[in-house]
Amino acid sequence: MRWWLYGLLLTILVVLIIPSVIVKGCSIDRQVLEQTMEIEPEGLSITMETLGDTPQIKVYNHIDKEIMDMPLEQYIVGVVAAEMPASFNIEALKAQAVAARTLAVRKMKAYGGRGCSKYGSGADVCTFYGHCQAWISDIDQEKNWKGEYDSNRAKITNAVQETRGLILTYQDNPIEVFYYSTSNGKTEDVSEVFSTQLPYYQVVDSKGEEDAPKYREVFTFTDKEFVDIFKRQYPNSNLTRKGLDAQINILGYTESGRVAEISVGGIKIQGKDFRSLYGLNSADFRIEYSGDKVLIHTTGYGHGVGMSQVGADRMGENGGTYQEILKHYYIDVKIDRIY
């Protein structure tokens with residue numbers, strides 16, 4: 001998150017801006033919330049026979065604070081519109097639709113899920129991107145897309161219709177879906193971010209994202225700002241402004257090249273926690289010291305687990321189908337049609 005601009009963040013959350021150039025994960029970073037997202041229990045039982053051909057989903061709108069009851073496919077159109085730019089390749093949009101539908105089905109009570117627990121609303125999912133996944137209404141799509149509304153809406157609707165009823169499964173159960181904006185060239189092992197083991201998440205290459213808007217970024221702090229931020233969270237740290245470079249050491253990296261552990265002023269923390277603390281785009285970072293400034297260079301945007309949305313777009317541009325995209329990022333899964 002850009003924690004240095006709370007007011008701007010609040011405004012963005014209220015209007016749920018649809019990005020026209022970069023993915024949702026690039027417009028509103030999930031770096032803190034993604035590490036507290038709920039992991040749904042394994043072993044859900046899909047009960048297709050009770051739902052018929054047009055399952056309904058209960059969606060809690062966290063802005064309007066009301067439950068909306070709508071067809072699942074209508075909901076998926078709103079999710080894809082919120083989570084991925086309509087300018088992306090159609091195969092990437094299809095992959096996003098399947099991923100979004102899988103997440104929804106896994107949570108739906110009618111399928112054996114436990115619903116959305118954040119708001120105590122009795123809904124299956126909520127529209128808050130930090131807990132379930134983002135969603136935007138048809139009215140707000142039109143406001144955001146303006147003159148491109150008809151073409152964008154038609155493209156996304158087509159992507160959803162062409163994947164109707166399809167979800168990702170592992171051993172006949174819907175998988176726990178994670179996706180994010182931009183990789184550093186590789187995906188991350190799920191255990192490095194969410195402290196759980198899921199067999200369908202492994203480190204794989206994600207190529208061709210170097211031209212993405214947030215692929216590389218530099219975060220600049222004064223030495224005082226850097227120390228103050230750290231000591232607010234870790235008051236027992238010995239960190240001081242003098243000789244910062246000697247007090248900060250990266251202790252190890254994950255298989256994907258992201259920082260696994262770092263020592264700061266005698267305190268050892270995980271790279272993902274350092275990322276959250278300083279509002280960084282990624283846990284793939286290096287630190288530079290220049291006068292009284294601390295420059296943190298990041299590569300990639302997001303936690304790195306599962307499908308890179310920019311990577312999916314690049315695969316689509318290079319001729320990859322949505323099936324190939326999904327099976328690249330989610331290992332040994334099946335794409336099953338459940339209605």
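Any read-out appearing in this document is the output of simple, stated calculations on the displayed coordinates, not a laboratory observation. Please read all numbers here as calculations on a predicted model, not as lab measurements. Backbone-built Cβ (ideal geometry, glycine too); neighbour counts: all protein chains shown.
Overview of results
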quantity: Diffusion coefficient, µm² s⁻¹, Stokes-Einstein with Kirkwood Rh over alpha-carbon pairs of the stretch 216-299 at 37 °C and 0.692 mPa s; calculated: 259
quantity: Linear extension gain, Ser237 paired with Thr222, 0.36 nm per residue minus alpha-carbon span; calculated: 3.6 nm
quantity: Cα gyration tensor shape of the stretch 176-236, rounded if a/c is under 1.5, else prolate or oblate by comparing a/b with b/c; calculated: oblate
quantity: Value in Å of the Kirkwood radius, where the stretch 48-119 supplies the Cα pairs that are averaged; calculated: 13.1
quantity: Calculated log₁₀ intensity ratio I(q)/I(0) where the Debye formula runs over C-alpha points of the stretch 152-203, q = 0.31 Å⁻¹; calculated: -1.17
quantity: Rg/Rg_globular for the stretch 143-247, with Rg_globular taken as 2.2 N^0.38 Å and Rg from C-alpha atoms; calculated: 1.68
quantity: Loop sites in the stretch 241-339: trypsin sites (Lys or Arg not before Pro), DSSP, at most 16 other Cβ within 10 Å; calculated: Arg241, Lys242
quantity: Set of aspartates and glutamates near Lys327 by C-alpha distance (under 18 Å), chain-local residues within fewer than 8 positions excluded; calculated: Glu91, Glu162, Asp172, Glu176, Glu188, Asp189, Asp205, Asp313, Glu317, Asp336
quantity: Whichever lysines have a C-alpha closer than 27 Å to that of Lys146, once near sequence neighbours (fewer than 8 apart) are set aside; calculated: Lys24, Lys65, Lys94, Lys155, Lys214
quantity: Residue-wise HN-Hα coupling along the stretch 222-235, computed from phi with Karplus coefficients 6.51, -1.76, 1.60 (Hz; x: Gly, Pro); calculated: 6, 4, 5, 4, 4, 5, 4, 4, 5, 6, 5, 8, 10, x
quantity: The stretch 138-183: GluC sites (Glu not before Pro) falling in loop per DSSP and having at most 16 other Cβ within 10 Å; calculated: Glu162
